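Visitor: My questions all concern the structure below.
Read-outs: derived from the displayed coordinates by stated rules, not from any lab. All figures in this text were calculated on a predicted structure; none of them were measured in a lab. Counting neighbours? That spans all protein chains shown, and the Cβs are built from the backbone with ideal geometry, glycine included.
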Amino acid sequence: MSKLQTGVLGVFPHLDTATDAIRSLRAQGYELTVYSPTPRHEVEEALGTKESPVRIFTLIGAFTGTAAGTALATWASLDWPLVVGGKEIIALPGFSVIMFELTILLGALSTVAGLFILGRMPHVGPPEAPMYHPSFTAGNFGVFAHAPRDRYGDVQRIMNESGSEEVLVDQR
């Protein structure tokens, strides 16, 4: 179990001031947690986030579903062969519906599994969330810099220079 995270929280009224602070704090080597009222690609670019690996879970699940649908339909056709209208026993066009359905089903289930696995849910133990301000859901942006107490002054200065509306220091 890790300890509670301490640092400094800046409240920013505008997207460009928040991204300026993010870039400045990242250049100084601080680990950041960012709050946004809506998803914004500018914040992701400033943070330098990578693409989510959940898509790999989806792809593997979809391929597994296609293979499972093909195997299920082939097995059933070989186990109970019905020759209808001179059609082959293993006829892929007839199998396309079950192949498609299992592709979608296993792709969706593996996506959910990937979200849970990579999100480390459910989390057991005390919450480790940094500070939060209610105005983040009303349109403001928040930048929480994880910093030791002796670096609070530097972080506050960077946030104020970037245009922070309010800077809160973690007192835990």
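Visitor: Answer yes or no: is there a residue in region 96-114 that is part of a helix (DSSP H, G or I), of a type outside the set (Ser, Thr, Tyr) and in contact (Cβ under 8 Å) with a residue 60 or more places away in the chain.
Guide: If we filter region 96-114 for residues that are part of a helix (DSSP H, G or I), which is where we start, we get 96-114.
With of a type outside the set (Ser, Thr, Tyr) added as a condition, the list becomes 97-102, 104-109, 112-114.
Keeping just the survivors that are in contact (Cβ under 8 Å) with a residue 60 or more places away in the chain gives 114.
Checked against the condition, which is being part of a helix (DSSP H, G or I), of a type outside the set (Ser, Thr, Tyr) and in contact (Cβ under 8 Å) with a residue 60 or more places away in the chain, region 96-114 yields at least one hit.
Visitor: Residues of region 24-50 being part of a helix (DSSP H, G or I), farther than 20 Å from residue 153 by Cβ, without any contact (Cβ under 8 Å) to a residue 24 or more places away in the chain and not acidic (Asp, Glu), which ones?
Guide: 41, the sole residue that qualifies.
Visitor: Out of all the residues in region 147-156, is one or more of a type in the set (A, V, I, L, M) and not in a loop (DSSP other than H, G, I, E, B)? Step through it out loud before you land on a result.
Guide: First, pick out the residues of region 147-156 that are of a type in the set (A, V, I, L, M): 147, 155.
If we keep only those that are not in a loop (DSSP other than H, G, I, E, B) too, we end up with 155.
Checking region 147-156: at least one residue is of a type in the set (A, V, I, L, M) and not in a loop (DSSP other than H, G, I, E, B).
Visitor: Which numbered condition in (1) in contact with a helix residue (DSSP H, G or I) (Cβ under 8 Å, 6 or more places away or on another chain); (2) exposed (fewer than 13 other Cβ atoms within 10 Å of the Cβ); (3) among the small types (Gly, Ala, Ser) is the only one that residue 7 fails?
Guide: With respect to (1) in contact with a helix residue (DSSP H, G or I) (Cβ under 8 Å, 6 or more places away or on another chain); (2) exposed (fewer than 13 other Cβ atoms within 10 Å of the Cβ); (3) among the small types (Gly, Ala, Ser), residue 7 is out only on (2).
Visitor: Oh, and also: Using the structure shown, decide if residue 94 is at positive phi and surrounded by 13 or more Cβ atoms within 10 Å (Cβ to Cβ).
Guide: Numbers: at positive phi: no; surrounded by 13 or more Cβ atoms within 10 Å (Cβ to Cβ): yes.
Criteria not met by residue 94.
Visitor: Right, something else. So, in region 75-94, exactly how many residues are outside any loop (DSSP other than H, G, I, E, B) and farther than 28 Å from residue 112 by Cβ? Explain how you work it out, then say what you get.
Guide: Kept after step one, since they are outside any loop (DSSP other than H, G, I, E, B), are these residues of region 75-94: 75-79, 92-94.
Still in the list and also farther than 28 Å from residue 112 by Cβ: 77-79, 92-94.
Matching residues across region 75-94 total 6.
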